[in-house]
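J.: Pasting a structure below so you can have a look.
The values are calculated or read from the model by the stated rules, or taken from the named source; none is laboratory data. Here the structure is a predicted model, which is why all the values come from computation and not from measurement. Cβ: placed from backbone, ideal geometry, glycine included. Neighbour counts: every protein chain shown.
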Amino acid sequence: MPNMPPIYFGPITPQPSWAWVGEDIAKYLSKSIDVRYFTDVADIDEGSLVFWIKCPPDAVSTEEIRLKELNIVFFPVDAFLNQEDILTHREFINNATLICLHARSLASFFRRDKVEFVDHYNKYGVPIAERRPDGRTLLWIGGFQYVPYVLCALDQINWPRESIVLLTNHLHGPAKSAAEDNAVFAGLSDFSRILADSKIQLALWSEDRQREALLTCAAAFDVKYINCFNQLHKPPTKIQKYLVSGIPCAINHDFPATQQVEGLMRIKELRTDLLPRHETWRSSAYRALLSKRLRIDSVSRRYIEFAVKAVSRKKDLAHVLA
């Protein structure tokens, strides 16, 4: 790619989404193009192509972006808590050349001609050949702040409660506080008591524990609370991870991103006696296509396509303004 200009990736943050959507892809692309990093706008040369990951900037930095004539490709990930939050950052969004969405349901909030779609690459899936399901464990993985939404869905899940494992960060102070707030939002008056009475197991998340859980669980599920804007507009990343790992999985089917994924069970279908007879998740052809699409090389090629399109559009705009 001899004509590809340097690409800045950032802003660098401690958030997992930066490492997954930004740093990992940047490192992969650095084998063939000039990749640079930034923490704030001052680090970026004028007129540069910038892959801006999550964390939209404040008004002062947005104005500096405009003055430096930066070519912004914006990856919101799950940055916005509500529609008002999007409006708050409209100047930055309007200045961006492309908006690259992981959740297709967000497309209506942005100019159609700027919107592109991209997946998280399959960072945490496990090889199907290494799976050794235990026949009993139903797995959920996620931040502890979302556990109240799982509890709200328990009455739809026909599975022994003591065999349901939540792999989460339940000892993290901020996540515990957020869980209490979300419980109130979801109408759970006594979250701690309900969680204790539920008999479900809590396990502390780590990459190693996640890998072991994916190798051994009988099935996995996810829950998105559609009355919450941020939850409603999440991408189907976890479900994709389960599918490419050959794990039977389910999610609530009023979640919009289910339209992006084939081979899903409804949460109400989660019963041990149904798993051997449920065929859609077994589709090897679909799983192979999805696995190929989610490889880091495939997702990185999408980033290059975005870069080429952004550079072309910026040149066209400069020509029109001239």
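J.: All but one of (1) more than 25 Å from S300 (Cβ to Cβ); (2) part of a helix (DSSP H, G or I) hold for I65; which doesn't?
T.: Here I65 meets the rest and fails (1).
J.: Okay, moving on. For the range 232-248, which positions are assigned to a loop (DSSP other than H, G, I, E, B) and either over 16 Å from A285 (Cα atoms) or in contact with a Ser or Thr (Cβ under 7 Å, 6 or more places away or on another chain) (or both)? Walk me through it before giving the result.
T.: Applying the first criterion (assigned to a loop (DSSP other than H, G, I, E, B)) to the range 232-248 yields 233-236, 245-248.
Correct list: H233, K234, P235, P236.
J.: Continuing with the same structure: Just one of L81, L87 is part of a loop (DSSP other than H, G, I, E, B), surrounded by fewer than 16 Cβ atoms within 10 Å (Cβ to Cβ), assigned by TED's automatic domain parsing to the domain that holds Q15 and aliphatic (A, V, I, L, M); which is it?
T.: Numbers: L87 fails: part of a loop (DSSP other than H, G, I, E, B).
Answer to the selection: L81.
J.: Give the number of residues within the range 158-200 that are more than 29 Å from L81 (Cα to Cα) and charged (D, E, K, R).
T.: 4
J.: Which pairs turn up if I take residues in the range 287-314 that are under 17 Å from H102 (Cα atoms) and touching a residue at least 24 places away in the same chain (Cβ under 8 Å) and look for partners that are part of a helix (DSSP H, G or I) and among the aromatic types (F, W, Y) with beta carbon separation below 6 Å, at least 6 apart in sequence or on another chain?
T.: Going by the 6 Å Cβ cut-off, the qualifying pairs are I296/Y28; S300/Y28.
J.: Residues of the range 187-228 being in contact with a helix residue (DSSP H, G or I) (Cβ under 7 Å, 6 or more places away or on another chain) and among the aromatic types (F, W, Y), which ones?
T.: Residues satisfying the conditions are F191, F221, Y225.
J.: Considering every residue within the range 164-171, establish whether at least one is in a helix (DSSP H, G or I) and either modelled with pLDDT under 95 or crowded, with 16+ Cβ neighbours inside 10 Å (or both). Quick ask: steps written out before the conclusion?
T.: Keep residues of the range 164-171 that are in a helix (DSSP H, G or I), which gives none.
Among the residues of the range 164-171, not one is in a helix (DSSP H, G or I) and either modelled with pLDDT under 95 or crowded, with 16+ Cβ neighbours inside 10 Å (or both), which makes the answer no.
J.: Inside the range 74-103, can you point out the residues that are within 20 Å of the chain's Cα centre (by Cα) and closer than 20 Å to N227 by Cβ? If you could, list the steps in order and put the result at the bottom.
T.: Keep residues of the range 74-103 that are within 20 Å of the chain's Cα centre (by Cα), which gives 74-83, 85-86, 93, 98-103.
Result: D78, A79, F80, L81, N82, Q83, D85, I86, A103.
J.: While we're on this one: Of the residues that sit in the range 18-32 and are in contact (Cβ under 8 Å) with a residue 12 or more places away in the chain and either buried (at least 18 other Cβ atoms within 10 Å of the Cβ) or charged (D, E, K, R) (or both), which one is farthest from I296 (Cα to Cα)?
T.: Applying the first criterion (in contact (Cβ under 8 Å) with a residue 12 or more places away in the chain) to the range 18-32 yields 18, 20-26, 28-29, 32.
Subsequent filtering for residues that are either buried (at least 18 other Cβ atoms within 10 Å of the Cβ) or charged (D, E, K, R) (or both) retains 18, 21-26, 29.
On the way: W18: 15, V21: 10, G22: 12, E23: 12, D24: 9, I25: 7, A26: 11, L29: 10 Å.
Result: W18.
J.: Let me ask another. Can you name the residue in the range 214-245 that is farther than 30 Å from N82 by Cβ and surrounded by fewer than 20 Cβ atoms within 10 Å (Cβ to Cβ) and is also modelled with the lowest pLDDT among such residues? Explain how you work it out, then say what you get.
T.: First pass over the range 214-245, keeping only residues farther than 30 Å from N82 by Cβ: 214-219, 244-245.
Applying the additional criterion that residues be surrounded by fewer than 20 Cβ atoms within 10 Å (Cβ to Cβ) yields 215-216, 218.
Values: L215: 98, T216: 97, A218: 92.
Selected residue: A218.
So that you can scan it fast, the table gives a plain yes or no per residue for (1) surrounded by 15 or more Cβ atoms within 10 Å (Cβ to Cβ); (2) in a helix (DSSP H, G or I); (3) touching a residue at least 40 places away in the same chain (Cβ under 8 Å); (4) in the same structural domain as E207 (by TED's automatic domain parsing):
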site: N94; (1), (2), (3), (4): no, yes, no, no
site: E116; (1), (2), (3), (4): yes, no, yes, no
site: D134; (1), (2), (3), (4): no, no, yes, yes
site: L139; (1), (2), (3), (4): yes, no, yes, yes
site: Q145; (1), (2), (3), (4): yes, yes, no, yes
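J.: Would you say F51 is assigned to a loop (DSSP other than H, G, I, E, B), of a type in the set (F, W, Y), under 20 Å from the mean Cα position of the chain (by Cα) and surrounded by 15 or more Cβ atoms within 10 Å (Cβ to Cβ)?
T.: Values: assigned to a loop (DSSP other than H, G, I, E, B): no; of a type in the set (F, W, Y): yes; under 20 Å from the mean Cα position of the chain (by Cα): yes; surrounded by 15 or more Cβ atoms within 10 Å (Cβ to Cβ): yes.
It is false that F51 is assigned to a loop (DSSP other than H, G, I, E, B), of a type in the set (F, W, Y), under 20 Å from the mean Cα position of the chain (by Cα) and surrounded by 15 or more Cβ atoms within 10 Å (Cβ to Cβ).
J.: A follow-up question, please. Among the residues that make up the range 282-292, is at least one of them farther than 30 Å from D134 by Cα and at pLDDT 80 or above? Explain how you work it out, then say what you get.
T.: First, pick out the residues of the range 282-292 that are farther than 30 Å from D134 by Cα: none.
Among the residues of the range 282-292, not one is farther than 30 Å from D134 by Cα and at pLDDT 80 or above, which makes the answer no.
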